[in-house]
Amino acid sequence: MSVSVLYRLRPLAVAAHVFDVTLTVSQPAKKGQVFRLPVWIPGSYMIREFARHIVTIKAQAGGKPVALCKLDKQSWQADPVEGPLVLNYQVYAYDLSVRGAYLDQQRGFFNGTSVFLSVDGYEQSPCDVVIERPRGKDFHDWRLATSLTSRDDAKDLEAQHGFGRYRAQSYDELIDHPVEMGRFEQVEFKACGVPHRFVVSGRFNADLKRLARDVKRICEWHIKLFGQPAPFDRYVFMLFVGAEIYGGLEHRSSTALMAERADLPARDVEGISDGYLRLLGLISHEYFHSWNVKRIKPAAFVPYDLTQENYTRLLWAFEGVTSYYDDLALLRCGLIDAPRYLGLLAQTFSMVERANGRNKQTLEDSSFDAWIKYYRQDENSPNSQVSYYTKGALVALALDLLIRRQSHQSASLDDVMRALWTRWRQTQNGVAEDEWEHLAGEVTGLNLQPFFESALRSTEVLPLVELLASQGIKLEFTAAQNGADRGGFYADAQPVSIALGFGAKGASDALGVKLVHVHDGGAAQTAGLSAGDVVVALDGLRVSQPDQLSACLCAGRNVAVHAFRRDELMTFDLTPAPASADTCRLSPLGGAPGAWPMV
Ligand code: ZN
């Protein structure tokens, strides 16, 4: 059976970072076929206007040129024609992130949202895509990885190293299977019987067998949490490693990740480094999304409107709950122990505590405004925003502990997640804006409304001191000297506490210490300092490290702060203020520990 829509994609010029795409529509619309490219990619809530990377575009039918008219920033309309219409366009691809498209001599990567124009009226029709390897002898050993369904038989696919013909049942499916190509390494494993492929590109030297072993444990834990079978018949992890990069984007049967190469597990080393732990947490996070947001999703995303912002107040339930389970899964599947997990949780507490925006923005508002705030952060963001990831994770924790306590340990957040999953399997409907809360109350038989009202629609403090105490864990905040890092620790670790604070977060700069954020009402702001100022000296003595800002303060004595704003040297008179107690410490309360977080 032939299809009405066929894409042929080829890396045209690797050094110029250009993909060439030919799109053939066998029966174009009679009044003139319209094509459009998404302005955003699901999972990353920001208008990105991918059409700006289309360099050239032309159309023809029967060998004759057909006029194309630009309708708006992302849409084109071809003149009416009889018979097949062929569109040819080139896409500039040099975005290293997981959200766009990339091509150079080493590798290629793309999301369908960057390279495949949708064909108006055919969004629900099957389409084929032929993906070619770059031409030339330099690329004979390139391979291709994707979770798209192949139309070639397995032997041909193997002989072509994955290059060939694929099919998607709709445009929505087409753009939800990113593609990686190049000279990657890979490991394969089965989780609950489902084939998983882990592809790593970039330069590295690591123990991929160990990685496969650890990731398999995580995957099996998630699959069993929601109940077998897994919602996909295969899964592909695509990880690119480099320097100073981190991030991931979820898809229905795959995920694109980027991380530091040093975060991969080293050969012949046991134990889990902090970097490897961060990578495992990222993997766990994106995999959990296979259920929570790729299938269970806000009604506002059904279907996605890829031409504009899609507003929902529910991102806390999709990103926050996922952030709660990502690290928790590492404990529950046996990769880390409870003290290590509680150390990670303490870091989340500190991150929320260190942003005064938590007193100004509610979690629902943070979700709604993700498009203009969370995804477009600036120097003032900690003073004005709360993250639906980190505070969302704490709300999930509080909800879990509240359900456990009120149900006398007979129910937990796991039951709510399983109920959401059952509901999706039965109806495939999106979750209406008020439905998540209703369902949580219904499943547990508890009145959770006062909690949701306070946690989601106010900026009140979450009742976590008492809820953690009910599990035998003490939550407190101290003023710790390691104020520049993520902070947070469990039990025995004793940071150096400080009495006075500078009231700003700094980063080393060629000249001194650049202020990244200046906290509301802190000593630095009161003295007149601003984010962007580069502090070069305190009382005439040079500073070069962020920790030096607080270290030289003593009570009852002002400090002269010498700083550059733009190219002007200024002096500020700073009165030291008490350091804010914003570093979380979790510790055992004594007595019998609760069942959480182990089960
Ligand atoms: Zn996420």
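The values are calculated or read from the model by the stated rules, or taken from the named source; none is laboratory data. Quantities reported herein were computed from a predicted structural model and do not represent experimental measurements. Heads up, the Cβs are rebuilt from the backbone with ideal geometry, glycines too, and the neighbour counts pull from every protein chain shown. Heavy atoms of the whole protein, side chains included, go into the accessibility calculation; ligands, DNA and RNA do not. Shrake-Rupley method; radii C 1.70, N 1.55, O 1.52, S 1.80 Å.
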Largest-first principal axis extents, alpha carbons of the stretch 183-270, Å:
37, 28, 22
Relative contact order of the chain, please, whole-number percent, based on alpha carbon pairs below 8 angstrom and at least 6 residues apart.
10 percent
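Suppose every K and R has +1 on its Cβ and every D and E has -1 on its Cβ; what is the size of the dipole of the chain about the Cα centre, in Debye to the nearest 20?
That gives a dipole near 1240 debye.
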Measuring from a point 7 Å past the Cα of residue 22 along Cα-to-C-beta, which residues in the stretch 36-77 have an amide N at less than 17 Å?
56-66
Cα-Cα separations in the stretch 5-180 greater than 30 Å, expressed as whole percent
15 percent
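Report the gain in length on full extension from residue 31 to residue 167: 0.36 nm times residue separation, minus Cα-Cα distance, nm rounded to one decimal.
Values: separation 136, 0.36 × 136 = 48.96 nm, distance 2.74 nm.
Stretched out fully, the residue 31 to residue 167 stretch lengthens by 46.2 nm.
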In degrees, nearest ten, helix 338-353 long axis to first principal axis of the chain (Cα)
90 degrees
Filtered hits (aspartates and glutamates, Cα-Cα < 16 Å from residue 294, offset >= 8 within chain) -> 172, 173, 176, 233, 250, 286, 305, 319, 326
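Using a 1.4 Å probe over the heavy atoms of the protein chains, calculate the carbon and sulfur portion of the accessible area of the chain as a whole percent. Intermediate results must be reported in sequence, preceding the final value.
On the way: 12660 of 25300 Å².
Roughly 50 percent of what the probe reaches on the chain is carbon or sulfur.
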Theoretical ellipticity at 222 nm over the chain - DSSP helices of four or more residues, -39500 (n - 2.57) apiece, nearest 500
-7500 deg cm²/dmol
Cα coordinate range in the chain, projected on the principal axes (Å, largest first):
85, 64, 51
In the stretch 5-180, what % of DSSP beta bridges are antiparallel (nearest 5)?
95 percent
Classify the stretch 500-578 as rounded, prolate or oblate from the Cα gyration tensor: take a ≥ b ≥ c as the square roots of its eigenvalues, call it rounded if a/c is under 1.5, otherwise prolate when a/b beats b/c and oblate if not.
rounded
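Quickly rank 425-433, 315-323, 19-27 as a protection proxy: mean count of other C-beta atoms within 10 Å, highest first.
Numbers: 425-433: 13.6, 315-323: 25.8, 19-27: 18.9.
Packing order, densest peptide first, comes out as 315-323, 19-27, 425-433.
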In the chain, if the dipole is taken from +1 on Lys/Arg beta carbons and -1 on Asp/Glu beta carbons about the Cα centre, which of 74, 334, 346 is farthest to the positive end?
74
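Over the chain, with the other protein chains present, what is the accessible area per residue in square angstrom, probe 1.4 angstrom? Kindly include the intermediate steps, with their values, before the conclusion.
Working: 25300 Å² over 599 residues.
With all protein chains present, the chain gives 42 Å² per residue.
When only C-alpha pairs under 8 Å and at least 6 residues apart count, what is the relative contact order of the stretch 183-270, in percent? Don't jump to the answer; show the numbers that get you there.
Numbers: 152 pairs, mean separation 26.9, N = 88.
This gives 31 percent for the stretch 183-270.
So if we plug the beta-carbon distance of residue 213 and residue 567 into 1/(1 + (r/R0)^6) with R0 = 45 Å, what FRET efficiency do we get, rounded to 0.05? If you can, show how the numbers build up before the last one.
Working: r = 55 Å, r/R0 = 1.22.
It comes to 0.25.
Compute, for the stretch 49-187, the length of the dipole vector about the Cα centre, with Cβ point charges of +1 (Lys, Arg) and -1 (Asp, Glu) only. Units Debye, rounded to 20. The partial results should precede the final answer.
Details: 16 positive and 21 negative charges, 92 e Å.
Dipole of the stretch 49-187, to the nearest 20 debye: 440 debye.
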Between the stretch 105-178 and the stretch 239-294, what is the C-alpha centre distance in whole Å?
24 Å
For the stretch 150-164, just list the computed ³J(HN,Hα) in residue order, Karplus coefficients 6.51, -1.76 and 1.60, θ = phi - 60°, integers in Hz, with x standing in for Gly and Pro.
6, 9, 7, 6, 3, 5, 4, 4, 5, 4, 8, 6, x, 6, x
Out of 9, 113, 84, whose Cα points farthest toward the positive end of the dipole of the chain (charges: +1 Lys, Arg; -1 Asp, Glu; placed on Cβ)?
84
Using 5 Å bins from zero, what percent of all Cα-Cα pairs in the stretch 291-474 falls into each bin?
1, 8, 15, 21, 20, 17, 11, 5, 1, 0
Between 0 and 90 degrees, rounded to the nearest ten: what's the tilt of helix 208-226 against the longest Cα principal axis of the chain?
90 degrees
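Test of understanding: what is the full-extension gain from residue 581 to residue 47, defined as 0.36 nm times their sequence separation minus their Cα-Cα distance?
Values: separation 534, 0.36 × 534 = 192.24 nm, distance 3.71 nm.
Full-extension gain reported as 188.5 nm.
Which FRET efficiency, nearest 0.05, do residue 425 and residue 447 yield, Cβ-Cβ r, R0 22 Å? Show your work: numbers first, answer last.
On the way: r = 27 Å, r/R0 = 1.24.
In this case the efficiency is close to 0.20.
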So for the stretch 59-159, averaging the separation of alpha carbon pairs under 8 Å that are six or more residues apart and normalising by length, what relative contact order in percent results?
13 percent
Which is farthest toward the positive dipole end of the chain among 426, 518, 199, measuring Cα position about the Cα centre, with Cβ charges +1 (Lys, Arg) and -1 (Asp, Glu)?
199
With label points built 7 Å along Cα→Cβ from the Cα atoms of residue 592 and residue 150, find their separation and express it in nm.
5.6 nm
Relative to the longest principal Cα axis of the chain, at what angle does helix 274-288 sit, 0 to 90 degrees, rounded to 10?
50 degrees
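Quick one: dipole size for the stretch 291-474, taken about the Cα centre, charges +1 on Lys/Arg Cβ and -1 on Asp/Glu Cβ, in debye to the nearest 20.
Details: 19 positive and 23 negative charges, 85 e Å.
Roughly 400 debye for the stretch 291-474.
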